[in-house]
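The values are calculated or read from the model by the stated rules, or taken from the named source; none is laboratory data. Note that the structure is a prediction, hence the values are computed from the model and not measured. Please note: Cβ atoms are built from the backbone with ideal geometry, for glycine as well, and neighbour counts cover all protein chains shown. The protein model used for the area step is the full one, side chains on, heavy atoms only, and it has no ligands, DNA or RNA in it. Shrake-Rupley method; radii C 1.70, N 1.55, O 1.52, S 1.80 Å.
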Amino acid sequence: MAAKLNSKTEDVTKKLITRLTGFVACDENFQICSDFVSSNFRYHRFLDVDSHKITRTLKGLHEKFTVNSEDEKAKSLKDLAYRFLEIPCFEEKMHGKTDTHYCILSMLLALGGSDKAGSFEPTRAATESLDNETPVDDSFDWAHYLLEGEEDFKSATLDEPMSDWSDEEIEPPPRSLSVKVPRDDSGIDIPSRGADDESSPTNVQVVSVKLAQVGIFGGVGVMQHARSTSQFCRVDDGSVRLSERQVVRETLWMLAGVTDLFVFHASEDGYTVNNSVLLGHLTKESIGNMLQTFTQYGAAVRRLQEFVDATVSAAAAMGGYCESTACLTHQAFSCALSQYLQQFRKELTKLETDLIKQELPSTLASLSQALSKSFGELMVLDQVYREAVLPCREGPNWLKASHLFGVLYRTLVRVDGLGGVMSQREVALVLWIFLETSRPYIEMIDSWISKGDLCDPYLEFIIQRNGNVGPQEQRFWQEAFTVYDSKVPPSSRGKYDWYCGAALLEPILKQVILAGKSVELLESLGHLQNISQCSGYEKNCSSSSSVGTIYQTFCQTVKSNCRGCDKQSADDCGAIKVSEDFNPSSLTSDVRKRNTECLDGSLERCLQQDSSIDSLLRHNFESVYNARKLPVVTTTQHLPEWLTDYQRNTLEPVGVLLQNALYPCIKEACHVVCRRLVDILKSEYSLLHYLSAMRKFFLLQAGDTMDDFYSELFDKMTSGENWRDVSFLNMLLHESLYSRYPEEVTRVTVDLEELDSKTERLPIYALNGLKLIYQLPWPVDVVIHDNCQTVYNQVFTFLLQIKRAKYSLDMLRFECLSSRSRFDGKSGEEEEELGAREMTTEAQQKQEQNLSHRMILFRMKLMHFVNSLHQYVMTRILHSTEQEFDQELREAADLEQIMAIHNTYVRRIYDRCLLHKKVAFIKEAVMKVLNLTLLFQHRWNAGVHKLSLSVIEDMEAEFGRCHTFLSSFLNNVVKRRSFVHLESFAFALISSNQM
C-alpha cells in the first residue's frame, strides 16, 4: 500500500512539476524540483492529526447537543462518526480509525465553524439506517451530571414531615430525565400522569426538566436554572410543588416579557397565575395573591412593549404618510419607553445574576422590595399609555400627538404634587419622558419661526397651514393658519376637551402662530436671511445657551434647576446634538447611526434568525431606511445620569419650572421675528405713510384739498345739476390732489354705487353711493384691507353729510331772502308790476320782515347745532382718537398688534360717529336735523315771499323735537358715564336749550 501510494505520489509530483515549470524528466532542473518536493513531503512542518483530540471534540459536540435537547442531532452525529471511523477504506487496511479518517474529520470540524449555525436535516440514507438499527438505551444519569457539585435537595410530599434538625442523611429518589424538543418557554415541563401515579396517593413523581431558551437570559443563567429546577414534585391533587427560587426566576422572566411560562399563563390582557403551583411554606391563596401583584406589572411591561413594537413597525412602513403611520411624537415616546424598558431588563438581569450567585435572598418578598421603585415607575408609565394612547388610537395624528403631550404634562404636574421620595423618582422619569416626547413639537416650532418651514410630514402639529391661501393675499393673515383644536366636532369635545391642544404650549400658541405668519411674510419679502442680523438677536441667543435651538435651551434650563447637574452639558438631558445650521430635514437620520436597541420589537426579531443575524437582510433594511423621506425619531442610547439624582434647586412646582424654561425661549424668538417684520414694514414699505393718507382723505384731515373737492360738488348738488358722473368726480378729485399730493393721484379714485330706493326720499342721503378707493400695495393691504376701507367709506359718507349741511348754512346770503330772488324767471314788465303791487301796503312789508327775522333766528339755531356736531366729530372724535392711535402704534411690537390697534381705531371712529346699530336712533335724529338744513336752504333761496308762518313753525317744531330728544337723552347717558365721548356735544345742546 505504501509503495503503491508512494508510486502514485511520485507520478502526481512529476506531472505537477512538468505542468508548472515545463521541465522534462531528462532535465537537471527537473530532478532538483523532484528532490525538493519529496523533502517537503517527508519533513513538512505540519503536525499530524491527533485522534484523541478529534474524539474529545466529537464527544463534546454530542454532549452539547444533548444538553440543549438536540437529541436527533446528537444521535445522528454519534452514529455517523462511529460508522465512518469503522470503514476500512483507506491505506488498504482491513480496519478503520486510520490517520486518513481522523484527517477528514478534522477538516470537517474546521469547515463546520459553528455547530449550530444551520438547520439540521438528516439525509434519507442516514435516517433509514438509523431506523433499521435497534434503539440504544441511554441510561446516563443526566440529572446527577448536571447537579454535580450542587447541594442535593429532596422535596417532601404533604404526608411526610420535614425536620430541619435531622442528622440522618436522606437518600434522594431515583431521578429520570426526559429531554424534549426545544421551545421558547420557562423550561419547566409537566408531563401527564400515568395510571400508576393514580393508584398510589403518596407517590412522588420526579418531573422532567427542560433547559430554558430565553433571549435576554442566557449562558450561566440558563445552566444555573437547569440545576435549580432539575427536581420538583407533583402531589396527589394535581398541584406541583416548586421551590421559591424557581418561582422567583420565572417571575423575573415574566417581568421581562416572556410569554411561554409555567407559573404564569399569558393572555391578551396580561398574565394569570397557574393555580397548580405550590410552595412548601405558603398556602395557595397567599401564593396567588402575591403572584397576582407581579402579574399587574408584567401586563404593564407587555402593553408598553407591544406599543413600542407597533410604533416601530408603523414607522418602518413604506409609501409615505397614512393615518396608521406613527407620528414623530409617538415615535419619540416609544423610543423613550424602549430605553426605559431596556434599563428595566438590565435591572432584572442583574437581579437574576445576584440570585444565581446567591447574593440575593431567593424570596418573592425580597424581589418585591428590590423592584418596588421600578414598579411605581411602571405604573405611572402604564397609566400615561392607557390615558394618552388608547383613547386616540383611531383619531388623526394631530389629536394623538396633542393628546399625548397634554396627558404627559398633566401627569407630570400631578405626580409632582404628591411629594415624597418615591414621587421624586417618578417625577424624574416622567420629566425625562416629557422632554424626549416634546422634542418633535418644539423642533417644529423652532424650524417654523426661525426658517419659515413648517415641517410636519405626519400632520401631527396642532397648527395647520392652508395651502389655498398665499402670503400675497389679503386674507393671508386671517385664513392662512388654523388650529386643529377648533375642528373637533361638538359631539366629541366632551371626550377630548380636557386634553385637546398641547397643554404646555396653549398659552403661547397665539404667539407661535403670529411668529410663523411673520416669518412667512419675511420670506416672501426676501428679508428672511436678515433675521439673525437683527440687533440683539445673536446676543439673546448666546446668552440663553451656547446652542441656538429652542429645544437645547429648554433642556439646559430645566437641567440647571436640578441638583448635581452643573458640570454636565445640555446633551446629557436626553437631547440630540443639533448643529447651528439646523434643518428640519435632519430629523431624517441614518438608521446605521441608530442604536440597535431602539428597534426593540418586531423589526429586530425579523432581523434575527436562530441566534444569528442575517447581515444581508440587515443591510437591505438599512438601505430601505436610508431611502425613506419621512423623518424617524432617534434618541440617546441611555438614560441621562442627572435624572438618577434628581432634586430641584427651587421650591416651585415642576409645571412652573417648565413654563419658565420654555416660554422665554419661544417668546424671545417670536419677538425677534415679529419686531423685524414691523421695522421692515415701517421703513421700507411706508406703513405709517399709508395710515396717514387714509386719515387725510377718508377722514377729511387734508382740509384744503378735500374742501376743493366737495365744495364744487356741493354747488352742483345745490343748483340741481347732474353730478353723478364717475369721470367728473375723479377729475375733480385729482385736480384737488395734484397741487398738494401729486404722488397720491394714481392711488385715489372715486366710485359711485346705486342708491336704495328707501334712502332716496331724503336729500341728505344722496351722498350714500359716493365712496373713495385707495390702491394699497402688498403687504400694506394686510393691515388696511378691504373691510377697513368699507368702514372708512361709511365714516367718509357721514362726514360729507355733515360738511354738506354746514356748507349749505354757511353759503346762505341775505340777498337770497330778499325780493331779488322773487323775480327769477319773470320778464321786466312782470317784475315792475309785481314790485308795485307788493309796495302797496305796509302790512305786507312788516309781515315779510317778521318772516325774514324768524328765518334768520332759525338759521342761527341750525348753525349752532351743525357746528356743535361738526366740532364734536372733527376734534373730540377724529383728533383725540388719532392721538391715542399714534401712541399705541409707536408701542406696537408685532404686526398682529398693529392690525388690532388699527381695527380698534377704525371701530372706535365708527362707533363714535353714531354709525353703530345700538345708537341708530340717535343718528336718525341727527340726520333729520341735517336734512332739515337742506330743506331750510332751499326755502331760504326761494325767497321770503314764498314763505308762510306755518312752514317756518313746522320746521321749528321738527327741529325742536329732535333737539329736545337729543339733549335730554345725551344728558342722561353722560350722567351715567355711558358715552363719555358725547359729553361735549351734549353740553352744547343743553346750553342752546337754556338760551
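Worth pointing out:
- Number of positions in the range 7-57 that are closer than 30 Å to Lys73 by Cβ, more than 60 Å from the chain's Cα centre (by Cα), at pLDDT 85 or above and open to solvent by less than 80 Å² (accessible area, probe 1.4 Å): 4
- Counting only residues that are touching an Asp or Glu at 6+ places or on another chain (Cβ under 9 Å), within 30 Å of Gln331 (Cα to Cα) and part of a loop (DSSP other than H, G, I, E, B), the range 355-394 holds 2 of them.
- Per the conditions (1) within 24 Å of Met927 (Cβ to Cβ); (2) open to solvent by 10 Å² or more (accessible area, probe 1.4 Å); (3) in a helix (DSSP H, G or I), the sole criterion not satisfied by Leu767 is (2).
Table: residues versus (1) assigned to a loop (DSSP other than H, G, I, E, B); (2) modelled with pLDDT of 90 or more; (3) within 30 Å of Leu772 (Cα to Cα); (4) open to solvent by less than 50 Å² (accessible area, probe 1.4 Å).
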{"residue": "Leu616", "(1), (2), (3), (4)": "no, no, no, no"}
{"residue": "Val624", "(1), (2), (3), (4)": "no, no, no, no"}
{"residue": "Thr634", "(1), (2), (3), (4)": "yes, no, no, yes"}
{"residue": "Leu688", "(1), (2), (3), (4)": "no, yes, yes, no"}
{"residue": "Met694", "(1), (2), (3), (4)": "no, yes, yes, yes"}
{"residue": "Gln701", "(1), (2), (3), (4)": "yes, no, yes, no"}
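- Taken over the range 712-725, the criterion of being hydroxyl-bearing (Ser, Thr, Tyr) and surrounded by 15 or more Cβ atoms within 10 Å (Cβ to Cβ) is satisfied by Thr718 alone.
- Among residues of the range 443-460 that are under 16 Å from His671 (Cβ atoms), those with a beta-carbon under 6 Å from a residue that is open to solvent by 40 Å² or more (accessible area, probe 1.4 Å) and assigned to a loop (DSSP other than H, G, I, E, B) at least six positions away or on a different chain give the pairs Trp448/Leu454.
- The number of residues in the range 778-789 that are within 16 Å of Ile898 (Cβ to Cβ) and either part of a helix (DSSP H, G or I) or open to solvent by 50 Å² or more (accessible area, probe 1.4 Å) (or both) comes to 6.
- The set of residues in the range 650-664 that are open to solvent by 20 Å² or more (accessible area, probe 1.4 Å) and of a type outside the set (D, E, K, R) comprises Thr650, Leu651, Pro653, Val656, Gln659, Asn660, Tyr663, Pro664.
- For the range 957-976, the criterion of a residue being of a type in the set (Val, Ile, Thr), open to solvent by less than 70 Å² (accessible area, probe 1.4 Å), farther than 20 Å from Leu878 by Cα and over 56 Å from the mean Cα position of the chain (by Cα) is satisfied by no position.
- Check on Phe985, of a type in the set (Phe, Trp, Tyr) and farther than 16 Å from Met863 by Cα: no
- Selected residue [over 18 Å from the mean Cα position of the chain (by Cα) and of a type in the set (D, E, K, R)] from Glu460, Glu473: Glu473
- Among the residues making up the range 670-686, those that are open to solvent by less than 10 Å² (accessible area, probe 1.4 Å) and in contact with a His (Cβ under 9 Å, 6 or more places away or on another chain) are Leu677, Ile680.
- Pairs meeting the criteria (first residue in the range 875-898 and surrounded by 12 or more Cβ atoms within 10 Å (Cβ to Cβ), second residue among the charged types (D, E, K, R), beta carbons under 6 Å, at least 6 apart or on different chains) are Ile877/Arg912; Thr881/Arg908; Ala893/Arg675.
- Assessment of the range 373-385 against the conditions (within 30 Å of Gln464 (Cα to Cα), open to solvent by 30 Å² or more (accessible area, probe 1.4 Å), within 18 Å of the chain's Cα centre (by Cα) and not polar (S, T, N, Q)) yields no matching residue.
- Scanning the range 790-812 for residues that are open to solvent by less than 30 Å² (accessible area, probe 1.4 Å) and either outside any helix (DSSP H, G or I) or among the small types (Gly, Ala, Ser) (or both) yields Ala805, Ser808, Leu812.
- Identity of the residue in the range 268-302, farther than 18 Å from Arg245 by Cα and surrounded by fewer than 16 Cβ atoms within 10 Å (Cβ to Cβ), that ends up modelled with the lowest pLDDT: Asp269
- Gln775 crowded, with 18+ Cβ neighbours inside 10 Å and either modelled with pLDDT of 90 or more or not aliphatic (A, V, I, L, M) (or both): no
- For the range 896-907, the criterion of a residue being basic (Lys, Arg) and modelled with pLDDT of 90 or more is satisfied by at least one position.
- Checking Asp141 against (1) at pLDDT below 65; (2) more than 60 Å from the chain's Cα centre (by Cα); (3) under 30 Å from Val277 (Cβ atoms), the condition it does not meet: (1)
- For first residues located in the range 944-964 and in contact (Cβ under 8 Å) with a residue 12 or more places away in the chain, partners that are of a type in the set (Phe, Trp, Tyr) and lie 6+ apart or on another chain with Cβ distances below 8 Å form the pairs Ile952/Phe858; Met955/Phe858; Met955/Phe936; Glu956/Phe858; Phe959/Phe858; Phe959/Phe865; His963/Phe865.
- Looking only at residues in the range 447-462 that are in contact with a Ser or Thr (Cβ under 7 Å, 6 or more places away or on another chain) and closer than 16 Å to Lys517 by Cβ, the one that is surrounded by the most Cβ atoms within 10 Å (Cβ to Cβ) is Ile462.
So that you can scan it fast, the table gives a plain yes or no per residue for (1) closer than 25 Å to Ile909 by Cα; (2) free of Cβ contacts under 8 Å to residues at least 12 places away in the same chain:
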| residue | (1), (2) |
| --- | --- |
| Lys682 | yes, yes |
| Ser686 | yes, no |
| Ser711 | yes, no |
| Met717 | no, no |
| Val745 | no, yes |
| Leu752 | yes, no |
| Leu755 | yes, no |
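- Condition met for Thr272 (in contact (Cβ under 8 Å) with a residue 24 or more places away in the chain, closer than 23 Å to Met379 by Cβ and among the hydroxyl-bearing types (Ser, Thr, Tyr)): no
- If you go through the range 463-506 and keep only what is open to solvent by 60 Å² or more (accessible area, probe 1.4 Å), modelled with pLDDT of 75 or more and part of a helix (DSSP H, G or I), you end up with Gln478, Glu479, Glu506.
- Evaluation of Ser967 against (1) part of a helix (DSSP H, G or I); (2) without any contact (Cβ under 8 Å) to a residue 12 or more places away in the chain; (3) farther than 30 Å from Asp781 by Cα (one fails), failing number: (2)
- Restricting attention to the range 395-433 and to residues that are among the small types (Gly, Ala, Ser) and in a helix (DSSP H, G or I), the residue that is nearest to Tyr458 (Cα to Cα) turns out to be Ala401.
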